[in-house]
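Trainee: The structure's right below; bear with me while I get my questions together.
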Amino acid sequence: MRRRASGLSFYREKKKINIGLLKEIAVWTVEILLTIMAAVIMVSFFGFRVSVIGPSMSPTLEGGEKVLVNRFVYKLFDPKKNDLIVFQPNGNEKSHYYVKRVVALPGDIVQIKDGKVYVNGEVFAEGVETELIENSMMAENEILVGEDEYFVLGDNRNNSEDSRYASIGNVKKDHITGQAWLVVYPFDRVRLLK
């Protein structure tokens, strides 16, 4: 007797697994997860953006420029002289963010006389070219920078509200948001900051 070649069959044919396709899907999945993790890390550490308000940091930064802030660096290291830090004065969360240059570190003695900044009795080695200071304000007399505090000035020394003013004073490390490191807007002025 001959069996019929066609008709119903209750036996399933085993499908062959395409190993190459599975490997490709696994690679894509890992790449996507790594990209998402990298994006989360970048936004967490470097994605904070502030706008520069006013001319106090001119010519280094101009009003209206947008700056990325490295929020991670000061969790590992302390600010150094000439760093551009971003902070809210006295930790006031309702205030706008200030961008200023670190001039003196904890334990330093600062004084402004004859239009120049003196740190520990020596003229401060400026990271940028600045003009002579016309008004010393509180820094007319020696100021001792306390523990975990920093004395900061704007690069436009005669048009900057900074540590010379009682309303700002020395900036506590806890009030520092991070280090300004990259101008991202306007696009024709994109650059790394030093």
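The values are calculated or read from the model by the stated rules, or taken from the named source; none is laboratory data. This structure is a prediction, so every number in the text was calculated from the model and none was measured. Every residue, glycine among them, receives a Cβ derived from its backbone with ideal geometry; neighbour counts consider all protein chains shown.
Trainee: Looking at Asp78, Asp83, which one is of a type in the set (D, E, K, R) and buried (at least 20 other Cβ atoms within 10 Å of the Cβ)?
Mentor: Asp83
Trainee: Please go through segment 170-193 and pick out each residue that is touching a Pro at 6+ places or on another chain (Cβ under 8 Å) and not in a strand (DSSP E or B).
Mentor: Across segment 170-193, the qualifying residues are Lys173, His175.
Trainee: Okay, moving on. Go through segment 90-119 and report how many residues are in contact with a Gly (Cβ under 9 Å, 6 or more places away or on another chain) and in a loop (DSSP other than H, G, I, E, B).
Mentor: Number of matching residues: 2.
Trainee: Given the structure, is Pro89 modelled with pLDDT under 95 and of a type outside the set (S, T, N, Q)?
Mentor: It is true that Pro89 is modelled with pLDDT under 95 and of a type outside the set (S, T, N, Q).
Trainee: Test of understanding: among Val103, Val145, Val117, which residue is in contact (Cβ under 8 Å) with a residue 60 or more places away in the chain and surrounded by 14 or more Cβ atoms within 10 Å (Cβ to Cβ)?
Mentor: The match here is Val103.
Trainee: Please specify each residue of segment 60-89 satisfying the condition of being on the phi < 0 side of the Ramachandran plot, touching a residue at least 40 places away in the same chain (Cβ under 8 Å), assigned to a loop (DSSP other than H, G, I, E, B) and of a type outside the set (Asp, Glu).
Mentor: Across segment 60-89, the qualifying residues are Thr60, Leu61, Arg71, Phe72, Pro79, Lys81, Gln88.
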